[in-house]
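Asker: Below is a structure I'd like to ask you about.
The values are calculated or read from the model by the stated rules, or taken from the named source; none is laboratory data. Note that this is a predicted model, so its numbers are computed, not measured. Cβ placement follows ideal geometry from the backbone for every residue including glycine, while neighbour counts extend to all protein chains displayed. Accessible surface is based on the protein model in full, side chains and every heavy atom, while ligands, DNA and RNA are left aside. Shrake-Rupley method; radii C 1.70, N 1.55, O 1.52, S 1.80 Å.
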Amino acid sequence: MGELKTVFIPDIGDFEDVPVIEVFIKAGSQVNAEDPLIALESDKATIDIPAPFSGVVKELKVKSGDKVSEGTAIAIMEVTESAAEESKDVEASNKPDNSEEVIDKESEKQVQSQSQSAMNTIAAEPVAEAEQKQIPQTDPPIIAVSDETVSSKAHAGPSVRRFARELGVNLDLITGSGPKQRILKEDVQAFVKAKLSQVQMDSKNTGMGAVLDLLPWPQVDFAKYGPVEIKSLSRIKQIAGANLYRNWIMIPHVTQFDEADISDLETLRKESNATEKKDAVKLTLLSFLMKALIASLKKFPEFNASLDKDANGETNLVVKRYYHIGFAVDTINGLVVPVIRDVDQKGVVAIARELGELAALAREGKLKPTQMQGASFTISSLGGIGGTAFTPIINAPEVAILGVSKAAYKPVYREGQFVPRLVLPLSLSYDHRVIDGAAAARFTSHLAEVLTDMRLALL
Ligand code: CAO
């Protein structure tokens with residue numbers, strides 16, 4: 001039979017009456033040196049108390065919920081023969097003047113004293129001090145630092161924790177290959193290696209997937225399946241694409257669909273165009289839409305706004321008292337968005353004229369940068385082409401965009417009978433951080449009312 005030894009709580013700094021939160025052993029358990037025996041937890045950190053030597057647990061002296069301090073007996077263990085040697089080795093290597101481990105402990109002390117947890121310094125107590133107190137010396141307790149990056153729960157020693165902290169690795173993401181899944185330095189290295197190769201692969205394929213932690217972009221040799229043609233993207237498409245992608249990823253979009261009865265508006269528009277002189281500007285539906293939109297933006301100012309951070313980093317809503325409306329123009333090179341300024345101060349004829357001029361410049365590729373800047377709200381009209389609804393992407397830093405699809409005659413139930421009415425589909429995408437669903441529904445309802453009776457735009 002081997003020697004019986006009592007295992008005590010080692011020096012845990014100034015902490016007294018620390019609760020035992022977990023007991024990993026029971027009478028009869030065979031443990032190896034460094035296996036965790038019990039776990040303690042203060043309000044700031046978790047400490048595993050490891051076995052100082054290999055042996056068999058003969059008697060357990062604590063249970064979960066007990067409060068312990070330095071010197072409290074944990075268990076009586078029978079030391080196995082090889083463990084007796086081992087225990088001597090541990091003692092020898094723990095001499096302060098002797099090993100790298102001491103250097104480790106000292107630098108651990110520095111690192112940990114920088115962190116918020118006072119408990120972290122426990123691991124850094126010089127061994128000699130502990131010896132003076134006649135507490136059986138063990139390896140440093142395994143401390144789970146209360147540190148978001150490194151993890152407060154992972155089972156790892158101080159030097160591994162420091163190593164992980166230096167590399168910014170969250171130990172929660174690693175499964176340890178040591179005893180009781182203790183995380184070893186090699187595990188951290190393997191984790192970092194795997195992550196690096198994943199990042200390289202992702203950035204090679206998409207440039208963005210790694211940041212979002214997405215699956216790698218599928219790599220397909222399309223030519224294997226049939227003839228293909230490689231076409232480069234136009235400059236406009238590349239720029240617009242990058243903007244659309246950012247806006248789609250960064251803005252929580254919701255799209256509200258609605259319909260407006262524009263029968264009377266269309267009659268007015270057609271009559272106006274018919275009676276206008278030959279060289280007069282054609283009044284387009286879009287010009288009336290812009291006018292109606294101003295009425296709704298004035299009634300619901302948060303739609304004519306942007307999110308912005310102030311000097312203190314606080315996010316505010318900047319509500320604009322100007323009404324510059326961008327409109328998407330489809331050109332052979334891609335989508336561009338010229339802006340009509342001060343739409344609220346212009347009549348439908350002036351708006352229609354400017355719309356025509358800017359759309360022509362856009363198609364000729366002659367828009368100046370200033371003609372595409374400063375929009376407070378954007379309209380994207382696909383009405384001249386077709387479709388019943390779509391989900392436009394918000395033009396950041398605006399907070400909403402109005403999509404318009406093709407108006408069509410629909411049977412509308414009125415005064416006991418179905419009558420044909422020209423119905424315009426509206427698709428309003430909005431930034432849900434700023435606009436609630438109810439506000440969006442009110443906004444499109446109001447816009448539909450104004451489009452149904454344009455006199456409301458004058459109020
Ligand atoms: N419903 C039914 N008919 C519509 C309509 C609608 N919502 N909008 C336009 N029309 C009709 C017009 O009345 C016109 O018919 P008439 O010649 O008989 O009057 C015809 O469609 C063509 O109109 P238009 O599209 O040339 O003119 P517009 O003022 O309505 O639109 C512009 C101008 C610049 C918005 C448009 O040319 C355009 O480029 N649209 C595409 C925008 C786009 O790509 N958006 C998608 C962005 S997201 O990818």
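Asker: How many residues are over 14 Å from L317 (Cβ atoms), open to solvent by less than 10 Å² (accessible area, probe 1.4 Å) and out of contact with any Phe, Trp or Tyr (no Cβ under 6 Å at 6 or more places or on another chain) if we restrict to region 424-438?
Answerer: Adding up the residues that qualify gives 4.
Asker: Pull out all pairs, ordered by first then second residue, where Cβ-Cβ is under 9 Å, the residues are six or more apart or on different chains, the first lies in region 338-361 and is under 18 Å from S380 (Cβ atoms) and at pLDDT below 95, and the second is within 14 Å of the ligand (Cβ to nearest atom) and open to solvent by 10 Å² or more (accessible area, probe 1.4 Å).
Answerer: Taking only residues 6 or more apart or on different chains, not a single pair turns up.
Asker: Regarding region 437-450, can at least one residue be identified that is within 15 Å of the ligand (Cβ to nearest atom) and part of a strand (DSSP E or B)?
Answerer: no
Asker: If I go through region 300-353 residue by residue, how many of them are of a type in the set (D, E, K, R) and within 22 Å of P252 (Cα to Cα)? Write out each step before concluding.
Answerer: Within region 300-353, the first condition is being of a type in the set (D, E, K, R), and the residues that meet it are 302, 308-310, 314, 320-321, 330, 341-342, 344, 346, 353.
This time we only want the ones that are within 22 Å of P252 (Cα to Cα), so: 302, 308-310, 314, 320.
The total comes to 6.
Asker: Follow-up question, since we're still on this one. On the basis of being assigned to a loop (DSSP other than H, G, I, E, B) and modelled with pLDDT of 75 or more, does S177 make the cut?
Answerer: yes
Asker: Another question about this same structure. Taking region 247-270 as the search range and keeping residues that are farther than 20 Å from V423 by Cα and assigned to a loop (DSSP other than H, G, I, E, B), which one is farthest from the ligand (Cβ to nearest atom)?
Answerer: It comes out as P252.
Asker: Now, a different point. Considering only residues that are of a type in the set (G, A, S) and either more than 8 Å from the ligand (Cβ to nearest atom) or farther than 16 Å from I262 by Cα (or both), which ones fall in region 379-410?
Answerer: Of everything in region 379-410, those that are of a type in the set (G, A, S) and either more than 8 Å from the ligand (Cβ to nearest atom) or farther than 16 Å from I262 by Cα (or both) turn out to be S380, G386, G387, A389, A396, A400.
Asker: Tally up the residues in region 271-315 that are modelled with pLDDT under 95, within 14 Å of the ligand (Cβ to nearest atom) and assigned to a helix (DSSP H, G or I), please.
Answerer: 4
Asker: Is it the case, given these coordinates, that G384 is open to solvent by 30 Å² or more (accessible area, probe 1.4 Å), out of contact with any helix residue (DSSP H, G or I) (no Cβ under 8 Å at 6 or more places or on another chain), under 28 Å from E302 (Cβ atoms) and assigned to a loop (DSSP other than H, G, I, E, B)?
Answerer: Details: open to solvent by 30 Å² or more (accessible area, probe 1.4 Å): yes; out of contact with any helix residue (DSSP H, G or I) (no Cβ under 8 Å at 6 or more places or on another chain): yes; under 28 Å from E302 (Cβ atoms): no; assigned to a loop (DSSP other than H, G, I, E, B): yes.
The answer is no for G384.
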